[in-house]
Structure formats: structure tokens, C-alpha cells
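Notes for the one structure printed next.
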Amino acid sequence: MMLLRAGIGRLAWRNLWRNRRRTLIMLLAVVVGVWAMVFMSAMMRGMVDEMVRNGLDQLPGEVQIHHRDYRDDPSVVNSIAPPAGDLLAALQQPPVSAWSARVRVPAMVSSAHGSRGVTLLGVDPAAERALGSAPRTMVAGRFLDGVDDRGVVLGQRLVERLETGLGKRVVIMSQDPDNNVADRGVRVVGIYSARLPGDEERFVYGGRAAIQELLGIGHQVSEVAVIGDGYRAVAPWAARVAAAAPELEVLSWRQLDPFLDAMLTLQDGFALVFMVVVFQALSFGLVNTLAMAVFERVREIGLMQALGMRPGLVLQQVLLESVFLLGLGLALGNALAWLSIKPLESGIDLSSVARGMEMFAMGSILYPALDWRDMLLSTVVVLGLGLLASLIPAWRAARLDPVRALNSH
Amino acid sequence: MNISARLAWRNLWRHSRRTWLTVGAMVFCNALLVFLIAVQLDSYRMMIDNTLGAFTGHLQVQRAGYHEDQRMQQTVPAVAALADKVRRQPGVSAAAGRAMAYALASSEQRSFGILVTGVQPDAEPSVSTYPGLVSAGRYLDGSEAAEIVIGAVLARNLKLGLGDELTFLGSGRDGGIAAGVATVVGIVDSGIAEVDRGVAQIPLGYFQQTFFMGDSGHSVVARVDELDHTDAVVASLRRQLAADSELVVLDWDTLQPGLREAIQTDMISAWFMYAVLIVLVALSVLNTQLMSVLERTREFGVMLALGMRPGRLGRLVMLETLLMATLGLALGALVGAAVVYYFSVFGFSYPGMAEAAAKFNLPPRLYPQVSALAVFWGPVTVFAGALLASLYPALKLLRMEPVAAMRAV
């Protein structure tokens, strides 16, 4: 029986190459289809990853802790005490890898030439760096050098709009908890650029202690941003942190930004839909090719059946031909996808449509992300649906009546 | 029907299953393309309409440089008179003058940095949808009274209700301090947090007094009858205003550069998918036609030996493809149009679309329209692809040797 199996395999392989040109064209179609599936998935995955990364940068953190009223009313009044006791203990436990307590209040920044409404962040520079939410690129000057730093760091676009510059003074206006205007002239010690140009106009950084003093809120903060070991699985440790701070609102990024959550969920669905659609377009050609191959061999199949070959083996043989064809196409298609994505992984420059990308919450460089799960999915889709489609011609071949088949021409 | 056409038609149905499978691939691909392109066109149209209709308008007249720097001093003199002039332009359906200033808005309990817009209460509703979104109270009513309409989130954050007073503090055109106290007469609730946080509108006359603007403003916003006519209207306005070199006419693409780029980005990924589908169908056609040529080698050999010109045989094969592709085009366009029609009545949506749509000013359900462009764009491309694919088998015929062909197996 083993011998027979091996024989069938060899037969199927040889049959495949009897009409070389036809097989090659079909193979080309499978390769193009598989390449497109994997390539497109890598692009989409890259886009969504980038969206989520930018989103998390903006939030920032995978989990945020606030006063229960802060999100609805982001005022200095809704501040919280810095983490202590149970909460502090929970934040020092893995998988939490970094956290930062920050003051975050609406404010006005004015220069001699104009004023803008901004979000003022009072931060601890070391903690922000650990969190990965400190500005990545300083265009001029330096980032804050400690919580007591009395200077401010502005985004490049804001500096342009206010016509100010490094070393110049600007006035920051906000309110203290008693609704008195709290203002102070401060020096611009650094200018940063952000991945999303809109952020450059929105966020102004100052030393935490200096801002707390300006606002008169003692050691209180507006939010605590926390990150763990990867944004896809935050729920378990977010729950543990929440249990340690029952009086506060502890939310994961999925709750903070439903858009990102929806995108991440959508992505996997889209990848599958795209693959199935491409396969559908392929399947017509596949069935056609196999049907033709069977049709040409009607007499031959009849003869083999007359000599005692079971219909089951005929079915197997046709299916094997299909598997060989698809398997070869999958291997070549995946290899081609890998070869075409690898050189692009350092990033595709899309700065010509940067402002459009910003509408998608993305920076101007797209990093395709090749994931073995997409390759696996394409294999499952192509082989699974491919065998299903091949059943029709295979079934017809197996059910041929030997006598009639032998007499056909 | 001439002899070639009849011959081609009959040849097609010698293998009716194979022909139907190839036509099926075309119909599937065409119907899918019709549907996708209709959804795409509709979402682009909505994106443009909703984004521009909300506030930006189709074109604006501003002082040169204001769009980049947004400085208080870059004013348009006699803005109301200019708005009247723009409104009288052929092709312009509405126009309104505006002025803008950043200010610190304070209620008794809270302060926020906001962008205050001075609007012409009688003209603004025709260029922007915000006035129509007043959910409590009323819109400004044409007076120069100290009244303000604010967004719902801003109202909540400032803890203001109808009839309450809001103080705003900013700098006037001359750089001096400008301050005013206005009564909240209306609250705009659009459901989009960014809008509801940002809207703060006061009558233009009152704005001009408070910020020492005289009769000037910062822009004239206009809507045109038809989006496609924007360029023509912009050109004629530019000619009219050529005398005043300080003023520039900006079209929506300049005002909202992200919009066109977002559409372009989306187009690129959409076209990648379309191209893959078209290539797969073309390969399927190529395979079918090549097979049908190869299996008729002897027949063609005989025809050549009887004196038929190779060119005519090539045309015969092309004609077969043409008939097949026409069938695919007609059926595909029909099925696609039917699908689009169904969704134009019942709407189209998928899970997670609402979150994604809100980001691009889109409604949660799309109602794609059946249009000639949507119905024929894709299918005609597939048609051309199929004809192109059959060139290879047709050209093969030109080099066929009658004697060798007749001896072929």
C-alpha cells in the first residue's frame, strides 16, 4: 500500500508537468495571489502597528490612572495623590515595566506675537524616557533635566506659530484649584519634533515639581501612565492595578481609545477577507486547469480503472496534483513576499502624502511588518479552499465509467 | 453576423464548462470591483463634503501668509463687504466673513485656552454645519451683542450653562490685551469630541470691537455649487482680486491638504488590490485561451493548409476572447450594479466601521450610489486585461507551420 501511495504521488507530479505551459501559467497565478496576500497583510499590519504605536505615544501608556472625573473634566481640580502604598506596590510588580506620574492640564502659552491653547505636561524626564513618551527628536536645545527644571520644551510648529525660539521667554497661563489664573514667564530650553505634526502644537513639557508649584497643587498629579510587556495583552495586569486603587479610574488603552481597539480587531478580519477574495479569483482558474487536465486524460483514466485502479485512488491522484501545484505556488509566493518585504522593512517613505497619513494617525514612514501568522493564514486559506475547489474535477474523474471513458476520443 | 463572429461564438461553446468558468472569474472580479469602487467613491465624496461642509468651505480668501502663520495681524480689510462681493460671484452659493483669535476662556470655576471665531450670524449657517447643530438655546441672531455659542464639551469643562457668562482674555490686533464678557446663548453638540471642545463663536461685529479689528477679519469662506467647479471659481476670483496683491484665494486642497492625501493613500492600497484581481483574471483568460489554441492545433493546421491567413486565425482567437470578455463585462457590471443598488437602499456597514468612520467625518453607514463611473471603471479594465492576455495565444498562431501542426497529437 505504501508503495502504491508513493506511486500515486509520482504519477501526480509527472502528470502536472505533462502540459508544462499550462501548469506554469497556473503556478504564476498562484504565486501572484499568494504574494499579494502576504504582501498586503504585511503592509496592513505595518499600518495598524504604527497607528497603535502612535496612539499609545499620544495617550501615553498602555494603562492610565486618573481621578474619576478627570477624563470628562481635565482640570487641575481633579488631581490625585502620587502613587503610594498598595498602588505603588502594584506598579513595582512585573509585568509593569515603567510608569510615570504627570501633571496634565489645559493652558495658554503666549509670546510677544501671539498665544495658543495647549496641553501643559509637568513630567519627570527620567520616568518619561523609561515610558518612551519623551519626545524622540530634539531639534534644538535639550529636554528637561529633572523634575525641578523651570524651563519648558515646545514643539517646533508651536515655536514657529508663536515666533519665539530657543532661549526666549514665553508666558504660561493656567488656573490653580481655586480658579485663580496662575501664570509665569518661562524660558524655552528645548524644541522637539514629533511623529505627528499636530502633537508639536499641542504638548508643552515642563518639570513636574516646577509645574506643581506654579499650579499650587503640592505633590498632586493628573495622571499616571503605565506600560507593561506588550500592548496586546494588558487586561490581566490592568485589573491588578485597578484592584490596588479602587477609588481611582484605571483604564487600558483599549478603553481609552476605542478607535485603536477597533482598528486592531478589524485588521485580522480584513486580512482574512482579502485572502479569501484573492483566492476566489484564483479558484476559477484552478478548477479550470484541473478540469482540463482530467478531460484530456479521460481515456487514460478509463484504462487505469479498467485495469483495477480504485476510484478513490483516481480522486487522490487529482487532488495530489492540485496540492503539488498549490504547495509549489505557496512556497514560491511566500518566498517572493519575504524577498520583497525584507528590503522595505527599514521603512517606506510616504512623506509626499504625510498630511494624509496624519489623518490616519500615522507618521510619514510606513514599516511593513511581515508576520509568520499571515504566512500561515495564507497557506491555510489557499490549501484548504484549494482542496475544496479541486474536489469537483477530482470527483468527476473518479466517477468516470471505465467503458465509456475508454471509448471516448 | 459574419462568418468569423459565428465561428468564434461556436468555438466558445465547444467547452461550455471551461468558458463559463472563465466568464465566472470575470463576473466575480467585475462585480467585486463595481462594489468596491462604488463604496470608495461614496466614502471619498462624503469625506470631502462632510469635512469641508463642517467649517472649512470650498475656498477661502485670506491675507497672504495667514494660512501658514495664522497671525492676528494678517487681516483682510472690510471683510463683510468682501464677503458680499464673493457671494455675488457666479458659481458661489454662499460666503461669509470670519475672524479668529486665541484666548483664555474662563468661567467662574475653570479656564481653558480656546480659539474664538467671529462670524456673521446671518451668513455663517450657509457655509458651515455647526450652527445647525445647536442642541440647546439658539444660534447667534445677527446682532453685535456680547453673545457666544460654544461646544457641548467646552461648556461641560467650563461648567457653563445657557445664560451664564464667559470671560475671554487674549491679545488684540495691536498686540494689546483684549478682553470681553459674553453670555452663552447656544450650545453646539455634534457628537464629535474635537468639535464640541473647539467651537466658540461670537458675532463678527462684537469680535471686531473686542479685538480692535476695525472692519477687518481673517477670512472669507465660500461654498461653490459643485465641487468640480471649485477650480474655475477660484481662478475667476483670483482675476477679480488681482488688484489687491495682499489677498490670496485658497482652494480646499490648500486649506485641508490632509484630505486629498488621505484619499490618495487609500487609493494606492485599493488599486493594489484591484491590480492583483485583474492580473489573476487575466492569467485565467490566458490559460484558457492558450489551452483552446493548443488543443485545436491540428484543426488550425488544416485551416492554414486550406489557405486561411494566419492573421485571420489570430483575429479569430481575439474575437473569441472579445466575446467572452463582453459577456463577463455585461454580467459583471449587471451583478455589481445590483449589489450596489441593494446597499444604496439598505446601507453598508461592517463591525468596527463606526469608530473608523468617525475619524474621517463619515457616517456609520454608507449608501454607495450606482454611477456609470463606478459600474464601468473596473469591468472595462478587466476587459482590456483579458484582451491583452489573449494576445500571446493569438500571436502564437502567426508562427504556426501548417504541416507540423497537422501532425501534432
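The values are calculated or read from the model by the stated rules, or taken from the named source; none is laboratory data. For clarity, every value in this text was computed on a predicted model and none was experimentally measured. Note: ideal-geometry Cβ built from the backbone for every residue, glycine included; neighbour counts use all protein chains shown.
Results for (1) in contact with a Ser or Thr (Cβ under 6 Å, 6 or more places away or on another chain); (2) at pLDDT 80 or above; (3) over 30 Å from A:Val224 (Cα atoms); (4) in the same structural domain as A:Leu266 (by TED's automatic domain parsing), shown as yes or no for each residue.
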{"residue": "A:Leu16", "(1), (2), (3), (4)": "yes, yes, yes, yes"}
{"residue": "A:Thr23", "(1), (2), (3), (4)": "no, yes, yes, yes"}
{"residue": "A:Met26", "(1), (2), (3), (4)": "yes, yes, yes, yes"}
{"residue": "A:Val32", "(1), (2), (3), (4)": "no, yes, yes, yes"}
{"residue": "A:Met47", "(1), (2), (3), (4)": "no, yes, no, yes"}
{"residue": "A:Ser75", "(1), (2), (3), (4)": "no, yes, no, no"}
{"residue": "A:Ser79", "(1), (2), (3), (4)": "yes, yes, no, no"}
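In the range B:363-376 there is no residue matching the filter, namely being within 14 Å of chain A (Cβ to nearest Cβ) and either within 17 Å of B:Ile278 (Cβ to Cβ) or aliphatic (A, V, I, L, M) (or both). If you go through the range B:33-40 one residue at a time, do you hit one that is of a type in the set (Phe, Trp, Tyr) and within 30 Å of A:Ala29 (Cα to Cα)? Yes: one or more hits. A single entry from B:Gln73, B:Gln89 fulfils the requirement of being at pLDDT below 90 and either of a type in the set (D, E, K, R) or more than 21 Å from B:Asp231 (Cβ to Cβ) (or both): B:Gln73. State whether one or more residues within the range A:130-143 are part of a strand (DSSP E or B), among the basic types (Lys, Arg) and on the phi < 0 side of the Ramachandran plot. Scanning the range A:130-143, I find no residue that is part of a strand (DSSP E or B), among the basic types (Lys, Arg) and on the phi < 0 side of the Ramachandran plot, so the answer is no. Go through the range B:257-290 and give me each residue that's farther than 30 Å from B:Ile48 by Cα and either at pLDDT below 85 or more than 7 Å from every other protein chain (Cβ to nearest Cβ) (or both). B:Ala282, B:Val285, B:Gln289, listed by residue number. Elements of the type helices (runs of 4 or more DSSP H) sitting completely within the range B:340-407 and holding at least 2 residues that are of a type in the set (A, V, I, L, M), farther than 18 Å from B:Leu294 by Cβ and in the same structural domain as B:Val281 (by TED's automatic domain parsing): these cover B:353-359, B:372-389. Within the range B:105-116, none of the residues are touching a helix residue (DSSP H, G or I) at 6+ places or on another chain (Cβ under 6 Å) and away from every other protein chain (no Cβ under 14 Å). Looking only at residues of the range A:54-75 that are within 14 Å of chain B (Cβ to nearest Cβ) and within 17 Å of A:Pro258 (Cα to Cα), we find that the one that is surrounded by the fewest Cβ atoms within 10 Å (Cβ to Cβ) is A:Asp72. With more than 30 Å from A:Glu321 (Cβ to Cβ) and either out of contact with any Leu (no Cβ under 9 Å at 6 or more places or on another chain) or in a helix (DSSP H, G or I) (or both) as the only criterion, which of A:Val241, A:Val276, A:Val287 stands out? Just one listed residue meets the conditions, A:Val241. Looking at the range B:177-189, can you tell me whether even one residue there is more than 14 Å from chain A (Cβ to nearest Cβ) and outside any strand (DSSP E or B)? Within the range B:177-189, one or more residues are more than 14 Å from chain A (Cβ to nearest Cβ) and outside any strand (DSSP E or B). Scanning the range A:158-194 for residues that are assigned to a loop (DSSP other than H, G, I, E, B) and more than 20 Å from A:Arg142 (Cβ to Cβ) turns up A:Glu163, A:Asp176, A:Pro177, A:Asp178, A:Asn179, A:Asn180. Residue under question is A:Val181, and the condition is that it be among the hydrophobic types (A, V, I, L, M, F, W, C), surrounded by fewer than 21 Cβ atoms within 10 Å (Cβ to Cβ) and within 13 Å of another protein chain (Cβ to nearest Cβ); does it hold? So A:Val181 passes the test. Within the range A:165-198, the set of residues being of a type in the set (S, T, N, Q) and closer than 22 Å to B:Phe112 by Cα comprises A:Ser174, A:Gln175, A:Asn179, A:Asn180. What residue, among those in the range B:239-254 that are assigned to a helix (DSSP H, G or I) and in the same structural domain as B:Val92 (by TED's automatic domain parsing), is nearest to A:Pro368 (Cα to Cα)? If we take residues in the range B:239-254 being assigned to a helix (DSSP H, G or I) and in the same structural domain as B:Val92 (by TED's automatic domain parsing), then B:Arg239 is nearest to A:Pro368 (Cα to Cα).
Annotation note: Cβ proximity below 7 Å between a residue of the range B:205-225 that is at positive phi and a residue that is assigned to a strand (DSSP E or B) and charged (D, E, K, R) (sequence gap 6+ or interchain) occurs for no pair. Do we find that B:Leu313 is away from every other protein chain (no Cβ under 11 Å), touching a Ser or Thr at 6+ places or on another chain (Cβ under 9 Å) and part of a helix (DSSP H, G or I) in this structure? Spelling it out, it is not the case that B:Leu313 is away from every other protein chain (no Cβ under 11 Å), touching a Ser or Thr at 6+ places or on another chain (Cβ under 9 Å) and part of a helix (DSSP H, G or I). Contact annotation: residue pairs with Cβ atoms under 7 Å, 6 or more positions apart or on different chains, pairing a residue in the range A:13-31 that is within 12 Å of chain B (Cβ to nearest Cβ) with a partner that is surrounded by fewer than 18 Cβ atoms within 10 Å (Cβ to Cβ) and assigned to a helix (DSSP H, G or I), are A:Leu27/A:Leu328; A:Val31/A:Leu332; A:Val31/A:Leu336. Could you say whether any residue in the range B:314-336 is within 38 Å of the chain's Cα centre (by Cα) and polar (S, T, N, Q)? The answer is yes, given that some residue of the range B:314-336 is within 38 Å of the chain's Cα centre (by Cα) and polar (S, T, N, Q). Quick check on my filter: what residues within the range A:213-243 are under 18 Å from A:Arg104 (Cα atoms) and either hydroxyl-bearing (Ser, Thr, Tyr) or surrounded by fewer than 20 Cβ atoms within 10 Å (Cβ to Cβ) (or both)? Residues satisfying the conditions are A:Glu213, A:Gly216, A:Gly218, A:His219, A:Gln220, A:Ser222. Look through B:Asn50, B:Asn11 and report the one residue that is more than 30 Å from B:Val293 (Cα to Cα) and either within 14 Å of another protein chain (Cβ to nearest Cβ) or in a helix (DSSP H, G or I) (or both). Selected residue: B:Asn50, the only one of B:Asn50, B:Asn11 that is more than 30 Å from B:Val293 (Cα to Cα) and either within 14 Å of another protein chain (Cβ to nearest Cβ) or in a helix (DSSP H, G or I) (or both). Just one of (1) surrounded by 19 or more Cβ atoms within 10 Å (Cβ to Cβ); (2) under 34 Å from the mean Cα position of the chain (by Cα); (3) within 14 Å of chain A (Cβ to nearest Cβ) fails for B:Val293. It is (2). B:Thr230 - would you say it is in contact with a Gly (Cβ under 9 Å, 6 or more places away or on another chain), among the hydroxyl-bearing types (Ser, Thr, Tyr) and either in contact (Cβ under 8 Å) with a residue 12 or more places away in the chain or in a strand (DSSP E or B) (or both)? So B:Thr230 passes the test.
For (1) in contact with a helix residue (DSSP H, G or I) (Cβ under 7 Å, 6 or more places away or on another chain); (2) in a helix (DSSP H, G or I); (3) more than 14 Å from chain B (Cβ to nearest Cβ); (4) free of Cβ contacts under 8 Å to residues at least 60 places away in the same chain, each residue gets a yes or a no:
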residue: A:Ala337; (1), (2), (3), (4): yes, yes, no, no
residue: A:Ile341; (1), (2), (3), (4): yes, yes, no, no
residue: A:Gly363; (1), (2), (3), (4): yes, no, no, no
residue: A:Ser378; (1), (2), (3), (4): yes, yes, no, no
residue: A:Leu387; (1), (2), (3), (4): yes, yes, yes, no
residue: A:Val403; (1), (2), (3), (4): no, yes, yes, no
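Of the candidates A:Ser133, A:Ser115, the single residue that is free of Cβ contacts under 8 Å to residues at least 60 places away in the same chain and either in contact with a Pro (Cβ under 6 Å, 6 or more places away or on another chain) or within 14 Å of chain B (Cβ to nearest Cβ) (or both) is A:Ser115.
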